[in-house]
Amino acid sequence: QIVVKSVDGNWGAGSKQAVSLIYEHRTIALLGFVDGRSAHLIEQVCTKAEIPFISTLSPDPSLSRINIPWFFSTLPHADQQAAALAKHLYTGESKRNIFIVTSDDYDQRFISRSFIDIAAGNSQNKPEIYRYATGQDDFSGAASYITETNAEAIAFFGTPEELESLVEQLTLANIDIPVHTPVMNLNPNLSERYSGPLYTLRPGNPTHQDTDAFKARFLERYGYMPAIQTTYLYDGLQLLFRAIQKNGDESDQVRETLSNMSVPA
């Protein structure tokens, strides 16, 4: 049986709901589709209760950096995503000028900071950075700033909705340089409105092998295609099922099985 709890509301809801799931509902493992702040709270509760926790949304690298044996993640963390972006952007073009657009979102800041550190070491030109508050929908300032630089590409760290607002301003300003993002669900209509190319990270080999079938089932049930983040959640659920089927449904057995699983990168 799957028990669902929401962490929406006041800060701290993550730990309260984790306690409820573990001690009231007697869950054997937790599957989190939450941001980094909530994931940290849930991780602390799971560590104390010795319950496996699989995070499927936050790229916060500090969640796994302390090597808590009860914590797992299906999403590449911030340093991994930043390194993949930097490799794509800088390989063979060490002098490439990158313009960075980043929000102050808790999770996105981890990726942008890591990318900025890598970019500073890969380019003779310090990358230009435009920072904005989460939820911003006016990027005319960013577009104006970009026109004053010699940027050859944009690295964007924010939400899909904010990216759409940025692309709108870039189009109005006749800017058509490539835009690159970390793991994100891009609106396919963006490519019709923006003349420049748009790139986002995608896993080469998802954990689940029935991706197309899963997407078809999701579309039939909900009427729209699942976001890339949803497939990482699906990965986590499949891993839990696999662990339970393989070695039993005791929490320590699930943790042991998860820690020894070999899954595609």
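The values are calculated or read from the model by the stated rules, or taken from the named source; none is laboratory data. What you see is a predicted model; the values in this text were computed from it and never measured. Heads up, the Cβs are rebuilt from the backbone with ideal geometry, glycines too, and the neighbour counts pull from every protein chain shown. In case anyone asks, the SASA skips ligands and DNA or RNA and just uses the protein heavy atoms, side chains included. Shrake-Rupley method; radii C 1.70, N 1.55, O 1.52, S 1.80 Å.
Quick notes on this structure:
- Selection over region 35-61 of residues that are surrounded by fewer than 21 Cβ atoms within 10 Å (Cβ to Cβ) and assigned to a loop (DSSP other than H, G, I, E, B) gives a count of 3.
- Among the residues of region 62-82, the one identified as part of a helix (DSSP H, G or I), over 12 Å from Phe110 (Cα atoms) and not charged (D, E, K, R) is Ser64.
- Region 79-91, subset more than 20 Å from Tyr234 (Cβ to Cβ) and in contact (Cβ under 8 Å) with a residue 40 or more places away in the chain, residue surrounded by the most Cβ atoms within 10 Å (Cβ to Cβ): Ala82
- Residue match in region 110-129 (condition: surrounded by fewer than 19 Cβ atoms within 10 Å (Cβ to Cβ), within 24 Å of the chain's Cα centre (by Cα) and part of a strand (DSSP E or B)): yes
- Only one of Glu148, Glu152, Glu162 that is of a type in the set (Asp, Glu) and out of contact with any strand residue (DSSP E or B) (no Cβ under 8 Å at 6 or more places or on another chain): Glu148
- Within region 11-27, the set of residues being open to solvent by 60 Å² or more (accessible area, probe 1.4 Å) and free of Cβ contacts under 8 Å to residues at least 24 places away in the same chain comprises Lys16, Glu24, His25, Arg26.
- Residues (closer than 18 Å to Ile116 by Cβ, aromatic (Phe, Trp, Tyr) and not in a helix (DSSP H, G or I)) located in region 132-174: Tyr132, Phe156, Phe157
- Inspection of region 79-90 finds a residue satisfying the criterion of being of a type in the set (Phe, Trp, Tyr) and within 28 Å of Phe139 (Cβ to Cβ).
- Of all residues in region 135-162, those satisfying the criterion of being closer than 21 Å to Leu201 by Cα and either under 19 Å from the mean Cα position of the chain (by Cα) or without any contact (Cβ under 8 Å) to a residue 40 or more places away in the chain (or both) are Ile154, Ala155, Phe156, Phe157, Gly158, Thr159, Pro160, Glu161, Glu162.
- Members of region 166-186 that are without any contact (Cβ under 8 Å) to a residue 24 or more places away in the chain and among the polar types (S, T, N, Q): Asn174
- Within region 57-112, being farther than 27 Å from Leu170 by Cα, out of contact with any Gly (no Cβ under 8 Å at 6 or more places or on another chain) and of a type in the set (D, E, K, R) holds for Arg65, Asp79.
- Of the residues screened, Asn174 is not one that is open to solvent by 40 Å² or more (accessible area, probe 1.4 Å) and either at pLDDT below 90 or touching a Phe, Trp or Tyr at 6+ places or on another chain (Cβ under 9 Å) (or both).
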